[in-house]
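Worksheet: the structure to be examined is printed underneath.
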Amino acid sequence: MATQDIGLIGLAVMGQNLVLNMANSGFSVAVYNRTREKTEAFAGGPAAGKAIEATYTIEQFVKALARPRRIILMVKAGAPVDHFISQLQPHLDKGDVIIDAGNSFFGDTDRRCATLDKVGIHFIGMGVSGGEEGALKGPSIMPGGSKEAYGIIEPIVTAIAAQVGGQACCTYIGPRGAGHYVKMVHNGIEYGIMQLICEGYDFLKTGLGLPPEQLAKIFQDWNAGHLDSYLMEITAKILAKTDPETGGPLVELILDRAQQKGTGKWTSQNALDLGVPIPTINAAVEARILSALKNERENISRTLTGPEPSIGEDQQEWIAALGDALEAAMIISYAQGLALIKAASKEYDYAIRLDEVARIWRGGCIIRSTLLEPIRAAYELDPQLLNLMVSPHFAGALQRLEGPLRKIVSRASAHGLPCLALGASLGYYDMYRRERLPANLLQAQRDFFGAHTYQRVDQAGVFHTAWDEDS
């Protein structure tokens with residue numbers, strides 16, 4: 001019987017939790033997975049007794065859905081999405097909706113929207129942030145596609161999203177790939193903030209030599225104050241966790257080789273395409289790549305030497321300065337990501353509202369933070385804001401915080417403690433605030449070797465100089 005409100009394909013943990021969220025929110029759900037065993041295990045386990053119908057063929061799955069059919073794909077980005085679209089399409093009718101809730105590249109979503117629109121099938125690219133827990137209890141949801149298609153799924157996605165202040169952390173982002181674009185940049189900001197926290201942890205542990213229990217307490221205190229955020233919260237919990245076998249800090253037994261799935265790299269690549277500077281996010285991507293050179297680093301550490309990393313003195317002063325430095329750098333990471341979304345919205349005609357983006361990031365998502373409410377307010381007050389850093393609230397904050405950021409970057413560099421993202425944040429701030437940069441010399445160099453010409457500050461027009469000739 002075609003009675004199920006919505007269907008979902010892909011029963012990995014995220015998919016299962018999203019299904020349970022929908023069922024717990026009062027919706028009936030049909031499910032399908034490529035492997036029958038996983039469907040049977042889910043149906044007989046977590047889904048037992050709930051309004052969840054297990055199906056074992058694509059045809060059976062589609063027939064279980066009420067019209068217009070609403071189908072969520074929770075599968076790996078790339079070819080698997082196209083595979084399931086091709087499997088579903090012969091069984092669908094005009095007006096049905098396919099929703100890709102994975103971390104797909106926004107350009108692929110643009111393409112799929114255009115292709116399916118020709119046959120009257122709606123396609124939505126829907127960013128979902130919050131991890132496994134968020135999928136079950138309420139994620140931040142970023143849907144992009146046609147407004148008509150969003151209207152069809154709105155009652156469900158707003159019901160299952162996280163709630164902050166009586167509002168769902170879900171909104172219509174914009175046409176075509178807008179939702180996946182915003183999710184991509186969300187992940188880029190996430191990369192930046194995670195790397196900033198890691199550099200702060202290294203400063204405390206290696207530079208100040210603080211014991212594990214004190215590290216956890218510092219992050220707990222920060223999370224209870226002006227650095228209140230999900231990533232700060234989980235960092236405190238990670239640092240407090242002991243290994244049951246050794247009794248020591250579990251984090252110290254984890255290999256220092258970070259992995260990545262590509263969304264941070266896509267953010268950096270797209271920013272370069274659009275000519276938008278995001279050095280904190282780029283530094284975070286590069287830091288992960290550097291961490292992956294584990295064998296090289298082990299060998300080189302015996303050859304290349306540096307200063308003594310121990311800072312030692314005035315611990316409380318340095319802890320306070322580091323907290324302020326992290327706040328400044330996190331503001332700058334958000335500023336870079338939102339500037340990129342602003343530029344992309346114009347370039348791709350997405351018409352994205354940055355105040356709404358900040359609003360739905362306040363709950364459920366990985367980068368949720370106490371900073372997001374003033375960010376939302378800044379863009380509500382001035383939707384055309386050039387950069388978050390120049391809003392009155394954040395300009396004032398950065399004036400107060402840039403001193404500690406300078407102090408931390410300087411001391412970390414002096415003691416050989418890597419601060420790739422902290423340093424990039426300070427560099428971005430200093431370059432953005434400067435009226436005149438040394439790019440005049442750079443342009444002269446380009447003109448010297450390539451006759452690329454230059455402009456003058458005192459005359460209109462374009463100029464070229466034969467630099468080797470006598471004046």
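The values are calculated or read from the model by the stated rules, or taken from the named source; none is laboratory data. Since this is a predicted model, take the numbers as computed values, not measurements. Because the Cβ atoms are built from the backbone with ideal geometry, glycine has one as well, and the counts that use them run over all protein chains shown. Ligands, DNA and RNA are excluded from the accessible area calculation, which covers all protein heavy atoms including side chains. Shrake-Rupley method; radii C 1.70, N 1.55, O 1.52, S 1.80 Å.
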Query raised in the report: Counting only residues 5 or more places away or on other chains, whose amide H sits under 5 Å from the amide H of GLU53 once H atoms are built in the peptide plane?
Result: VAL29, ALA30, VAL31
**Report entry** Segment ARG400-LEU253, length gained on full extension (0.36 nm per residue, minus Cα span)
**Finding:** 49.2 nm
Query raised in the report: Among the lysines, which have Cα under 22 Å from the Cα of LYS407 when same-chain residues fewer than 8 positions away are ignored?
Result: LYS205
Query raised in the report: Want the number for ILE58 to ARG433: 0.36 nm per residue separation, take away the alpha-carbon distance, what's left?
Result: 129.4 nm
Report task. State which stretch of the chain is the longest one without any exposed GluC sites (Glu not before Pro), exposure meaning a DSSP loop state and at most 16 other Cβ atoms within 10 Å. Result -> 1-244
Query - Contour minus Cα-Cα distance for ARG67 and GLN163 (0.36 nm per residue) - result: 31.8 nm
Query raised in the report: Tell me, what is the FRET efficiency for ASP468 and SER301 to the nearest 0.05, using R0 = 60 angstrom and their Cβ-Cβ distance as r?
Result: 0.85
Query raised in the report: Ranked from highest to lowest mean number of other Cβ atoms within 10 Å per residue, what is the order of the peptides 72-80, 159-167?
Result: 72-80, 159-167
Query raised in the report: Could you state the number of Å between the C-alpha centres of the range 295-367 and the range 397-461?
Result: 18
Query - Computed over the range 356-421: relative contact order in percent, which uses C-alpha pairs under 8 Å that are six or more apart - result: 17
Requested in this report: Enumerate by residue number the trypsin sites (Lys or Arg not before Pro) in the range 392-455 meeting two conditions: DSSP loop (anything except H, G, I, E, B), and at most 16 other Cβ atoms within 10 Å of the site's Cβ.
Outcome: ARG434, ARG436
Query - Given charges at beta-carbon only (K, R positive; D, E negative), |dipole| of the chain in Debye - result: 1140
Report task. Let me know the whole percent of all Cα-Cα pairs from the chain that are separated by more than 42 Å. Result -> 26
Query - With every protein chain in place, the range 142-221: carbon and sulfur % of accessible area (1.4 Å) - result: 54
Report task. Return the sequence-ordered ³J(HN,Hα) values of the range 157-166 in whole Hz as given by the Karplus equation 6.51 cos²θ - 1.76 cosθ + 1.60 applied to θ = phi - 60°, using x for Gly and Pro. Result -> 5, 6, 6, 8, 6, 4, 10, 9, x, x
Query - DSSP beta bridges in the chain [antiparallel fraction, %, rounded to 5] - result: 30
Report task. Only residues of the range 167-194 count here: report those whose backbone N is under 14 Å from the spot 7 Å along Cα→Cβ of ASP273, or say none. Result -> 177-178, 180-182, 184-185
